[in-house]
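Any read-out appearing in this document is the output of simple, stated calculations on the displayed coordinates, not a laboratory observation. All of these numbers come straight from a predicted model, not from anything done at the bench.
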Ligand code: SF4
Ligand code: SF4
């Protein structure tokens, strides 16, 4: 999918545009002058069908629905580099996050990996399960073997706060 494909398939939607703008805070896409500094520093650029400056441009123009439904927004690594590099304080990463929230609200398809991460955090408090430490001699040490305590399960308060932060409760 290219930016031209998206812009020729649908008309801009001003209501959705406003909805996204409300979620972003002070970093507004209309301040973007397409200098591409965000994209030139983006570590996920090669994996992104649309580059950060293109996503900003589409949002600026109001082509929100296609971006939300395309899966592009889920490839961003949330490294914040684009936010650091932008001379206009646009923060493409904040926009991508707002688009993700909107995708959930609109019941758009969410990649399975992200749903698994949410379940894992609710179940264990972490995205990844603890790994064994490996020495230079390739000996493996689990937490048990190292005499470390078992990790506590997340409390109900943590789960409620996490779900609230996700906007699902
Ligand atoms: S760095 Fe900022 S101003 Fe430049 S293209 Fe990216 S979002 Fe736009
Ligand atoms: S936050 Fe996302 S879009 Fe921004 S530089 Fe990092 S990977 Fe790229």
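If you build a Gaussian network model of the chain, linking Cα atoms that sit under 10 Å apart, which residue out of 115, 95, 61 swings the most?
115
Between residue 136 and residue 46, 0.36 nm times their residue separation minus their Cα-Cα distance comes to what?
29.0 nm
Could you give the alpha-carbon Rg of the chain over 2.2 N^0.38 Å, rounded to two decimals?
1.26
So which residue, out of 135, 124, 39, gets the largest mean-square fluctuation from a GNM of the chain using Cα contacts under 10 Å as springs?
Of 135, 124, 39, the Gaussian network model singles out 135 as fluctuating most.
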